[in-house]
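J.: If you scroll down you'll find the structure; I have some questions about it.
The values are calculated or read from the model by the stated rules, or taken from the named source; none is laboratory data. Remember, it's a predicted structure, so these values are computed and weren't measured experimentally. A quick note on method: Cβ atoms are made from the backbone with ideal geometry, for glycine too, and the neighbour counts reach across all protein chains shown. For the accessible areas, the whole protein counts, side chains as well, though only heavy atoms, and no ligand, DNA or RNA atoms are used. Shrake-Rupley method; radii C 1.70, N 1.55, O 1.52, S 1.80 Å.
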Amino acid sequence: MKLVRTFGRSKAAAAALVETLEQRGAANTAKVEPVVRRILADVRKGGDTGLRKYAAKFDGLAKGQALLVSREEMHVAWDDTAPELQAAMMVARGNILAFAEAQKPKEWTIAPAEGVKTGQIVRPLGSVGCYVPGGRYPLPSTLLMTVTPAQVAGVERIVVCSPKPARETMAAAWLAGVTEFYRVGGAQAIAAMAFGTETIGRVDKIVGPGNLFVTAAKTIVSTECGIDMPAGPTEIVVTSETGDAAGIAADLVAQAEHDPEALAILITSSEALAKDVAAAVKLQSAKNAIAKQSLAAQGCIFVTESVAEARELTNRLAPEHLTVDAAADLKWVRNAGSVFVGAYAPQSMGDYVSGPNHVLPTGRVGRLRGGLSVMDFVKVITVQEYTRKGLRKIGPHAIALAEAEGLVGHAESVRVRMR
Ligand SMILES: NC(=O)c1ccc[n+]([C@@H]2O[C@H](COP(=O)([O-])OP(=O)(O)OC[C@H]3O[C@@H](n4cnc5c(N)ncnc54)[C@H](O)[C@@H]3O)[C@@H](O)[C@H]2O)c1
Ligand SMILES: N[C@H](CO)Cc1c[nH]c[nH+]1
Ligand SMILES: [Zn+2]
């Protein structure tokens, strides 16, 4: 990992690096945009034919192979899964379910004046597409993380797309009760869910993580289909003064192993911790080819002049995963997808079993929102109800505002009911 001091002689270089990191999300999308646009256009025009062409090219889909993964295939996959893994999936699903239930927005009503009721009702989306990555590793955990909150929200039609689905992913689908699962991935799967094909009906919203191609495709289709957020190649920032070097290094290596494009960063004002973590990362990543590649390409350790500067830089980067030393640190955290507190909270626990979602914003979108949640699968619709008395009470204020805006029709629509 590159060691970068934010003061002294390397101050300018550090500032330039931070700017590059800030622009990384958009720059990465731009790199793959031409090829992704071509795939999207081909699937939009060619439907199943276009989809199959790319699924065969990138993921080895056989000619004539069914796109739909049958319930029977999922059942066989579940039966072939080792009991320990079945148990792990059940624990993960239970915790994700409980967390999503707790997060579900509530319906409520208030009375701003006598005879006036305002409130909100909560309704599920009609249909969603859950993208489950399957390029480098099968991610059954992502199937549980995307499908479960959609079910808690009450979404009627839940579609899953995953390229060359592994037995473990199909087993997770069985556990979650998935009924519409297609063995397609990449930008072509995003196109199919956004535009529809003969086999795959379009959905209202696409959620889930993926590599650069998937993330760029989601961003492009977002003008005509809802999306959750860019949840692209994994990012980790550890901001620590007192952490344990071996544990910090293990988290950096773990998240770096997702993708050569993954981003792993330590921010500290402690020169000694920086050096210890650098040495531990070198050792721990020695046999992990992908982690080694991403750490060499993007990994860096910022040594800041002060603790305050370390915190400010962390919020500027708005990372997907953030680890801090202690609960007191939560006070200064403003931007992050998910926060892990203390030496005994490996980020991998959040990836699998804690319950909060592991589908998290990348590319500094942590400035705008947290991870995927049940809120992504519902609409909060406001409601307002008046009695004649209520209208007479606050109607004149609406008339005053309407007249100030010159909207005489608005004013009259209130006045006519007050007579
Ligand atoms: N941010 C999050 O919440 C989060 C969560 C889990 C995983 N991830 C990320 O998801 C990603 C998973 O990536 P993956 O590659 O393993 O699986 P993936 O399913 O995202 O991508 C595989 C697909 O990429 C497409 N593809 C590959 N090479 C291509 C090319 N040259 N041209 C066009 N399309 C091409 C193929 O269609 C293939 O189906 C990783 O980057 C990981 O870090 C992020
Ligand atoms: N760390 C990933 C999010 O960036 C999620 C994941 C799934 N499996 C293992 N990890
Ligand atoms: Zn992970």
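J.: Taking the Cα centre of the chain as origin, work out the dipole magnitude from +1 charges on Lys and Arg Cβ and -1 charges on Asp and Glu Cβ, in debye rounded to 20.
T.: 1220 debye
J.: Hey, can you grab everything whose amide H is under 5 Å from the amide H of VAL4? Only 5+ residues off in sequence or another chain; H modelled, so Pro and N-termini drop out.
T.: The answer is ILE301, PHE302, VAL303.
J.: Around VAL18, what is the net charge, scoring Lys/Arg as +1 and Asp/Glu as -1 over all other residues with Cβ under 15 Å from its Cβ?
T.: Summing Lys and Arg as +1 and Asp and Glu as -1 gives +2.
J.: Between segment 56-121 and segment 216-286, how far is it from one alpha carbon centroid to the other, in angstrom?
T.: Spelled out, the Cα-based centre of one part sits 26 Å from the other.
J.: Put a dot 7 Å past each Cα toward the Cβ at HIS75 and GLN103; how far apart are the dots in nm?
T.: 3.2 nm
J.: If you plug each phi of segment 49-57 into the Karplus form 6.51 cos²θ - 1.76 cosθ + 1.60 with θ = phi - 60°, what whole-Hz ³J(HN,Hα) values come out, in order, with x for Gly and Pro?
T.: Result, ordered by residue: 5, x, 4, 5, 4, 6, 5, 5, 5 Hz.
J.: Which ³J(HN,Hα) values, rounded to whole Hz and listed in residue order, are derived for segment 118-130 from phi using the Karplus coefficients 6.51, -1.76 and 1.60 in 6.51 cos²θ - 1.76 cosθ + 1.60 with θ = phi - 60°, glycine and proline given as x?
T.: Values, residue by residue: 10, x, 9, 10, 10, 10, x, 5, x, 8, 9, x, 9 Hz.
J.: A further question follows. What's the FRET efficiency of LYS379 with ARG44 using the Cβ-Cβ distance as r and R₀ = 25 Å, to the nearest 0.05?
T.: FRET efficiency, LYS379 to ARG44: 0.40.
J.: Further question: Hey, how many Å between the Cα centroid of segment 1-46 and the Cα centroid of segment 322-393?
T.: Here the two parts' Cα centres lie 25 Å apart.
J.: At 7 Å along Cα-to-Cβ for each site, give me the label-to-label distance between LYS53 and GLU224 in nm.
T.: 1.7 nm
J.: What does the charge count around VAL116 come to, taking other residues whose C-beta lies under 15 Å from its C-beta (Lys +1, Arg +1, Asp -1, Glu -1)?
T.: +4
J.: Okay, moving on. Counting alpha carbon pairs within less than 8 Å and at least 6 residues apart, what relative contact order, in whole percent, applies to the chain?
T.: Values: 862 pairs, mean separation 86.1, N = 419.
21 percent.
J.: Short version: ³J(HN,Hα) in whole Hz for each residue of segment 12-27, in order, from phi by Karplus 6.51 cos²θ - 1.76 cosθ + 1.60 (θ = phi - 60°), x for Gly and Pro, what are they?
T.: Each residue's phi maps through the Karplus curve to give 5, 5, 5, 4, 5, 5, 4, 4, 4, 5, 5, 9, 4, x, 5, 5 Hz.
J.: Could you pull out every one of the lysines with an alpha carbon less than 29 Å from that of LYS393, ignoring same-chain neighbours closer than 8 positions?
T.: LYS106, LYS117
J.: Okay, moving on. Using the Cα gyration tensor of the chain, with a ≥ b ≥ c the square roots of its eigenvalues, what is the shape: rounded (a/c below 1.5), prolate (a/b larger than b/c) or oblate (neither)?
T.: Verdict is oblate for the chain.
J.: Now, a different point. Send over a whole-number figure in Å² for the accessible area per residue of the chain, probe 1.4 Å. Provide the component values of the computation, followed by the final result.
T.: Working: 19370 Å² over 419 residues.
In whole numbers, the chain has 46 Å² accessible per residue.
J.: Please name whichever of ILE206, SER222, PRO233 sits farthest to the positive end of the charge dipole of the chain, dipole taken about the Cα centre and charges placed at Cβ: Lys and Arg +1, Asp and Glu -1.
T.: Working it through, the farthest residue towards the positive pole turns out to be SER222.
J.: Among all the aspartates and glutamates, which ones have a C-alpha under 14 Å from LYS164's C-alpha, if same-chain residues fewer than 8 places away are not counted?
T.: Within the straight-line cut-off, LYS164 pairs with ASP59, GLU73.
J.: Is the shape of segment 241-379 rounded, prolate or oblate, going by the alpha carbon gyration tensor and its root eigenvalues a ≥ b ≥ c, with a/c under 1.5 for rounded and a/b larger than b/c for prolate?
T.: It is oblate, given that a/c is not under 1.5 and a/b is not larger than b/c.
J.: With the crude spin-label approximation of a point 7 Å out along Cα→Cβ, what separation in nm comes out for ALA66 versus LYS282?
T.: It is 5.4 nm.
J.: Oh, and also: Once fully extended, how much extra length lies between ALA308 and LEU3, figured as 0.36 nm per residue of separation less the alpha-carbon to alpha-carbon distance?
T.: On the way: separation 305, 0.36 × 305 = 109.80 nm, distance 1.88 nm.
Extending this stretch completely gives an extra 107.9 nm.
J.: A further question on this structure: How much of the accessible area of the chain, in percent, comes from carbon and sulfur atoms when a 1.4 Å probe is used? Can you show the working numbers first?
T.: On the way: 10990 of 19370 Å².
Heavy-atom surface of the chain belonging to carbon and sulfur, 1.4 Å probe: 57 percent.
J.: Tally Lys/Arg at +1 and Asp/Glu at -1 over every other residue whose Cβ is under 14 Å from the Cβ of MET74; what's the total?
T.: -3
J.: Report, in deg cm²/dmol and to the nearest 500, the calculated mean residue ellipticity at 222 nm for the chain, where each DSSP H run with n ≥ 4 adds -39500 (n - 2.57) and the sum is divided by the residue count.
T.: -15500 deg cm²/dmol
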